[in-house]
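The values are calculated or read from the model by the stated rules, or taken from the named source; none is laboratory data. Given the structure is predicted, the values throughout are model-derived calculations rather than measurements. Using ideal geometry, Cβ is built from the backbone for each residue, glycine included, and neighbour counts are taken over all protein chains shown. With ligands, DNA and RNA removed, areas are computed over all heavy atoms of the protein, side chains included. Shrake-Rupley method; radii C 1.70, N 1.55, O 1.52, S 1.80 Å.
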Amino acid sequence: MAAAAMPLALAAATAVLKAGHWKLYADRHRIHLTPYPRRSCSDCRGAGGWWADGPFPEMEACGCWSERRELRIRLLPVPARPDEPPF
């Protein structure tokens, strides 16, 4: 019965993430949720921001995604690799 509930739970989680405009990255060490721009935003129209004028143009991030926090959940510690150099 638990095996039958997993696909349903996965489909529900995918729908919630899409509706909330989140990207999900997960591996055995962490779960990382990052916001992304909304296509329906009237300011950036899904581009995530706009270029500011001036001698040194910069990208200004739109508030539809930049004012939202990233969420990180650690699951397992990343193992140390003694064979690799530190730099």
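For region 47-68, which residues satisfy the criterion of being without any contact (Cβ under 8 Å) to a residue 12 or more places away in the chain and open to solvent by 70 Å² or more (accessible area, probe 1.4 Å)? Show your work before the answer.
Initially, region 47-68 is screened for residues without any contact (Cβ under 8 Å) to a residue 12 or more places away in the chain, giving 51-60, 67.
TRP51, ASP53, PRO55, PHE56, PRO57, GLU58, MET59, GLU60, GLU67, listed by residue number.
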Restricted to region 49-77, and to residues that are assigned to a loop (DSSP other than H, G, I, E, B), under 20 Å from the mean Cα position of the chain (by Cα) and among the charged types (D, E, K, R), which residue is nearest to LEU24 (Cα to Cα)? GLU70
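Is it fair to say ALA80 is in contact with a Cys (Cβ under 8 Å, 6 or more places away or on another chain) and part of a loop (DSSP other than H, G, I, E, B)? If you could, list the steps in order and put the result at the bottom.
Details: in contact with a Cys (Cβ under 8 Å, 6 or more places away or on another chain): no; part of a loop (DSSP other than H, G, I, E, B): yes.
No; evaluated as a whole, the condition is false for this residue.
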Residues of region 15-38 classified as assigned to a loop (DSSP other than H, G, I, E, B), open to solvent by 60 Å² or more (accessible area, probe 1.4 Å) and within 14 Å of ARG74 (Cα to Cα), total: 1
Does any residue of region 71-83 turn out to be at positive phi and modelled with pLDDT under 80? no
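Suppose we filter region 40-68 for residues that are of a type in the set (Lys, Arg) and modelled with pLDDT of 85 or more; how many remain? Break it down into steps so the answer makes sense when it comes.
Taking region 40-68 and keeping what is of a type in the set (Lys, Arg), we get 45, 68.
Within this subset, residues satisfying the condition of being modelled with pLDDT of 85 or more are 45.
Final tally of qualifying residues: 1.
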